[in-house]
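The values are calculated or read from the model by the stated rules, or taken from the named source; none is laboratory data. Nothing here was measured: the structure is a model prediction, and the numbers come from that model. Neighbour counts run over all protein chains shown; Cβ positions are idealised from the backbone, glycine included. With ligands, DNA and RNA removed, areas are computed over all heavy atoms of the protein, side chains included. Shrake-Rupley method; radii C 1.70, N 1.55, O 1.52, S 1.80 Å.
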Amino acid sequence: MQKIMYQTKLSPSCKTPKYKQIIQSIINDIERGILKVDEQLPSINELSEEHLLARDTVERAYRELKEQGYIISVHGKGYFVASNDIKKIKVLLVFNKLSSYKKIIYYAFLKGLGEKATVDLQIHHYDAHLFEEIINKNLGKYNHYVIMPHFFHSADKGEYMPTIKRIPKEELVILDKDLPGLEGKYLSVYQDFSKDIFKALESVVDLLAKYQKLVLIFPFGEHYPMEIMQGFRLFCNCYNKDFGILENTFDEVPAPGTAYLIVEETGLADIIKKSRGLDLTLGQDIGIISFNETTSKELLDITVVTTDFEMMGFMAATLLLERKHLKVKNPFQVIRRGSL
């Protein structure tokens, strides 16, 4: 067993109790390989003096670390990193909702982590205040915080960015939507909605040539990324396409020469039904591009624009285990089918 010059990382401004900060700091450093098996930790006196803490605070932290199997005590010598099997990483997932697509990400993430981690899932339902409550209750209890930063369109960055910034960058993983204004090195596997939509439409510009108008069906109240509209508008302006944006399909009557980019499946079903009632042929009279691949869309021969949700979850898990703080754009593609 060997003595090292190790310093715990405590934050005076953090609301997390000091003994919990000691526990999380030591666990994190063990799992990152900073603290190695058999290395000696500071004594209770050394740690309490270094951070001006009561001995009881340090004793409580060391006691819990011993109970969890991370450290051992040797009579007359002190505390050392335990030589038992590496403990599982603790991960908190905070999603905006649990749709069928988010479930794909969730299960791929679990598969990627395998037996190396335990994962808890919570949902913030686009609510910045609920998100803040979740993080406040759990900060310091997990090794990693994996969040999807989708919030109400009316939410100001000032409502959620301070909460995100409180999460240590080495513990933060952002999924699905990156935050360009967030500084520091953190892991992110994201979609660039504006550029993805633009490039997707550009890749099928040959098929869109036979349509005089493009219509985006974008449900404003469903909290979909506004960048989708930005990318759509940019494409139509660049390629001189007449276009429209509708919140829903209730009053829409499909007209020949129109191609629809449809975000929700209810809108997709409605446009297909109305087109059939008007004897309009998909891929000839009208065009349809739907968001996100499903088996039913494959069977119906519907062209889709989609990200690889399984890849997103698996890649995030892989990079997390490798302790890489990278920003990775998730693959996005168009699947050409007969509806366009």
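Distant-in-sequence amide contacts of LEU216, defined by a placed amide H-H separation under 5 Å and a gap of 5 or more residues or a different chain, comprise GLY244, ILE245, LEU246, LEU261. Helix 55-67 axis versus longest C-alpha principal axis of the chain: approximately 70°, rounded to the nearest ten. Using the average count of surrounding beta-carbon atoms within 10 Å as a protection proxy, the listed peptides 110-122, 308-320 rank, highest first, as 308-320, 110-122.
Reported to the nearest whole Å, the Cα centre-to-centre distance from the stretch 85-145 to the stretch 265-330 is 24. For the stretch 197-209, 3J(HN,Hα) computed residue by residue from phi via the Karplus equation (6.51, -1.76, 1.60; θ = phi - 60°) reads 5, 4, 5, 5, 5, 5, 6, 10, 4, 5, 6, 7, 4 Hz, glycine and proline entered as x. Packing around the peptides 64-74, 126-136, taken as the average count of other Cβ atoms within 10 Å per residue, puts them in this order, highest first: 126-136, 64-74. Put simply, the amide H of LYS327, placed in the peptide plane, has neighbours under 5 Å in SER188, leaving out anything fewer than 5 places away on its chain.
Counting only DSSP H runs of at least 4 residues, each contributing -39500 (n - 2.57), and dividing by the residue count of the chain, the helix-based mean residue ellipticity at 222 nm comes to -11000 deg cm²/dmol. Overall size of the stretch 194-340 from C-alpha positions, given as principal axis extents largest first: 55, 33, 31 Å. The angle between the Cα long axis of helix 128-138 and the main principal axis of the chain comes to about 30°, on a 0 to 90 degree scale.
Placing one equal scatterer on every Cα of the stretch 240-313 and applying the Debye formula, the log10 ratio I(q)/I(0) at q = 0.20, 0.24, 0.26 Å⁻¹ is -0.88, -1.19, -1.35.
Using only the C-alpha atoms, the convex hull of the stretch 20-144 corresponds to 116 Å³ per residue. For the chain, which whole percent of the accessible surface, found with a 1.4 angstrom probe, sits on carbon and sulfur atoms? Carbon and sulfur together cover 52 percent of it. Applying 1/(1 + (r/R0)^6) with r as the Cβ-Cβ distance of ASP38 and CYS238 and R0 = 56 angstrom yields a FRET efficiency of 0.35.
The phi torsions of the stretch 8-23, fed into the Karplus equation with coefficients 6.51, -1.76 and 1.60 and a -60° offset, translate into couplings of 6, 10, 10, 10, x, 8, 6, 7, 5, x, 4, 5, 6, 5, 4, 4 Hz, rounded to whole numbers, with Gly and Pro shown as x.
Sorting 34-44, 172-182 by their mean Cβ neighbour count within 10 Å, with the most densely packed peptide first, gives 172-182, 34-44. Seen against the Cα atoms of the chain and their longest principal axis, helix 265-277 is set at about 10 degrees. Applying Stokes-Einstein at 37 °C and 0.692 mPa s to the Kirkwood radius of the chain, computed over alpha-carbon pairs, gives a translational diffusion coefficient of 144 µm² s⁻¹.
Equivalent ellipsoid of the stretch 148-279: semi-axes from √(5λ) of the C-alpha gyration tensor, largest first, are 35, 17, 12 Å. Remark on the stretch 245-288: Rg and Dmax equal 9.4, 25 Å (Cα only). Annotation: amide H-H contacts under 5 Å for LEU35 (H modelled 1.01 Å from N, sequence separation of 5 or more, or interchain): ILE30.
Scalar couplings 3J(HN,Hα) for the stretch 231-240, obtained by applying the Karplus form with A = 6.51, B = -1.76, C = 1.60 to θ = phi - 60°, are x, 5, 4, 4, 4, 4, 5, 5, 9, 6 Hz; x denotes Gly and Pro.
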